[in-house]
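Please treat every number below as a calculation from the coordinates, not as lab data. All figures in this text were calculated on a predicted structure; none of them were measured in a lab. As a convention, Cβ positions derive from the backbone with ideal geometry for all residues, glycine included, and neighbour counts pool all protein chains shown.
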Amino acid sequence: MELDQEEALYEFLENTSEPFSLEEITVYVQASGQKPNKKLAIEISSYLDARKIAFKKDNHCWISRRACFEPAVFVITPSRQELLNGILIPGHRCVPFANPLTLPHRYKFFWKGEMIPVTTTEAPPEDLYPYYCVYGEEFAPQYIARDNYKNEEAYNADPYEDPPEVSIHTLDMRVIYRESSFVPGDRFIVRTIDWKECRYELEKAGKDDWNRADLDKWLEAAESGFEDSFALLGPGAGTEEQIAFAYWFGGKRMREVPAYSLETFLYEKTNRIDIVPYGIESRFWFAGREIPDSKNLQNYTVPPDRTYIEDLLYKKNIPISEFVILSYIRDAFFRNEKEIDNVINRLVPPVVHLDEEEWDILADYISDSMDDFYKGYSYFLDQGAGPIRQRVAELHTAVIELSAKLQKGEIETVWLPRHTFIVLSQIQGHAAALLEDLAFDESPGDSDISAMDNSLDSMIDTFADIKELINSAMDNFRRSNLTIIHGGKTSPEWRGQLWRMIQISISGLDVWRRAIITHECTMEELHKLIITGMNWKGKLRFRFYCETPDGSKEYLHDKIKLGDINFSGKKELIYEYGSNWNVKIIIMSSYQPAKNENTRFIAGDGAAPPEQVDGPRHFRRLLGSLELGGNSEKQSAQRELGQEFIPGVFDLDKMNRSLREIFVNVNGEKNE
């Protein structure tokens, strides 16, 4: 689609409050285009499917976000902090019943037909983050920064430290709380008056007005909606998209009352949905399970109706739009370069193979584009945007190059850091978005340039961190392969006694250990190794299972040996410990041991949670209390975690000393 047709598509979706057919939206969009497009209906269908901006009712009928959510109601439960201060913080409370293009401080709320006045509230940002965390904890500072220009300046002053205090727009609820005798536990029923303009009517519901059975029905609809969303759409482009489709799949019951507020459901009521790490971001997901990594770069903003140039690059695992190419061309102008080869080598690093025909196609396109845009380019006017565009382009090229090297298969993916390609995808996507913003004649303002610069610094730091972890993983992988070669030179009595390197990680947490063990290791011994590595006491029941090809679970007897397990092509086990902890065991490379080889841990990261803690979500809350809570919260969290618990501490030597009484070496002797 052309740019004006895309704008017409969004305009149609923002304004329609009735179900629509593909024919209806095609006629509307076609009227905005300058020339007929016979494939427009197919392009619109692909666009809607890829961008998830409308709900597909059946093969002939779609529902816009506005049509789904505008007549619906939902619940907001004010916190004690809000009641004490006589305010209400819109924050994430209206997701997905609000137009995502509108920021929360722009919403309008009404009480008995009168608009509720707006005030401002000053507080340390960490006190406000909980009201924005449904967007993703990593995005909460951005929403607060965009509330007003002073917040933005405060965050931009130091991108690595939160400002001591910020000011946000809040609803002045003092009169309403007083006149309605509002007490903790009471709720607001929120009726969506206008989804596009984000206008809402509030009505009080007492904490005892609804019975438990009705709330349980809503809870079941909500859990089913989220799980259907995960199963059908995966982690998606963001938490807002996940939540919107959860409400769609949850059906009409999820958009009615009695109901829980979204944050009460997600953080207090459900045991089936959890928030888990997803690269450098977070997503909602099945509780106790990790989101699987990708095998290539994924950029959710790449056009689904790709041009022939965009498609050529997409097939080379460079998911970008033509606007990014234009930004690379402007970067060449800023560098005072006219050589097409230089532009191509930055856009497509040499490690990515282009055949002669592909090179010629790309060269012709870039040559024509350089001719078209050079006359209108001003080096003087580009002084503000040029330097940052150059840095972004260099980062983008580095990400593409590293991804291409990893995809050449020089290292087994299980050796890579968790979510390697997801992290690289997120950096690439953010860098590409910045390049698109810097592709046009009009240079961003000084404050925008400053914000871009800080965002770029953060991305570069993240890229440096993941690159260092990848290099370390590749070094370990090469050393492991060398061990296989050296193992063949040992004496005959050691030959054939292959050992394994394994990695164990707690689902939902960044806590992992890597160890080497013999094929003769039983599940009972593996259990002892895991509880030693996690500093658990072994008081809870445990069991191991592996998944069969049909997706069912095959539970393993305590005495079965690692070498006797048929993994059916999937080299991993799951260890269930009590009702709260799942540990994934990835079986890595085999090697022959040296004489007197010991079962031992060789690497790891993160302090494991004490076994009595109530699961990953509660553990993360306790860590948050230790870091950001008040004195009483910190003391309470430390009591629950135990006085000996130190966040982040991983003591390799201590773990290996504990193993010496459990495992024997290949000579039949106790580990020394």
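Here are some notes:
- Computed helical MRE - 222 nm, the chain, DSSP H runs ≥ 4 contributing -39500 (n - 2.57), nearest 500: -13000 deg cm²/dmol
- Prolate/oblate/rounded call for the stretch 527-633, Cα gyration tensor, a/c under 1.5 rounded: prolate
- Anisotropy class of the chain from Cα gyration tensor, a/c 1.5 cut: oblate
- When only Cα pairs below 8 angstrom with a gap of at least 6 residues are kept, the chain shows a relative contact order of 10 percent.
- For the listed peptides 354-362, 622-630, a ranking on the average number of other beta carbons within 10 Å per residue, highest first, reads 622-630, 354-362.
- Over 18 Å apart at the Cα level, from the set Lys112/Lys204; Lys108/Lys150; Lys112/Lys217, are Lys108/Lys150; Lys112/Lys217.
- Three-way shape call for the stretch 213-363 based on the alpha-carbon gyration tensor, with the a/c threshold at 1.5: prolate
- Selection among Cys94, Leu297, Ala607 by position relative to the dipole of the chain gives Ala607 as farthest towards the positive end (Cβ unit charges, Cα centre).
- Ordering of 388-398, 119-129 by packing [mean C-beta count within 10 Å, highest first]: 388-398, 119-129
- Where a label projected 7 Å from the Cα of Leu498 along Cα→Cβ would reach, residues of the stretch 590-621 with amide N under 12 Å: 590-593
- Positive-pole candidate from Met588, Thr548, Gly538, dipole of the stretch 494-626, charges at beta carbon: Gly538
- Listed by chain and number, the aspartates and glutamates whose C-alpha is less than 12 Å from the C-alpha of Lys315, apart from same-chain residues fewer than 8 away, are Glu358.
- Kyte-Doolittle at least 0.0, axis length at least 27 Å by Cα - qualifying DSSP helices, the chain: 386-407
- Of Lys528/Lys634; Lys561/Lys584; Lys595/Lys654; Lys408/Lys553; Lys252/Lys295; Lys39/Lys338, those spanning more than 25 Å from alpha-carbon to alpha-carbon: Lys528/Lys634; Lys408/Lys553; Lys252/Lys295; Lys39/Lys338
- Sorting the segments 12-21, 525-534 by their residues' average number of neighbouring beta-carbon atoms within 10 angstrom, most packed first, yields 525-534, 12-21.
- Debye, to nearest 20: dipole size of the stretch 341-386, +1 on Lys, Arg Cβ, -1 on Asp, Glu Cβ: 440
- Inter-label distance, Asp614 to Glu114: 4.2 nm, where each label sits 7 Å from its Cα along the C-beta direction.
- The chain - charge dipole about Cα centre, Lys and Arg +1 at Cβ, Asp and Glu -1, debye rounded to 20: 2860
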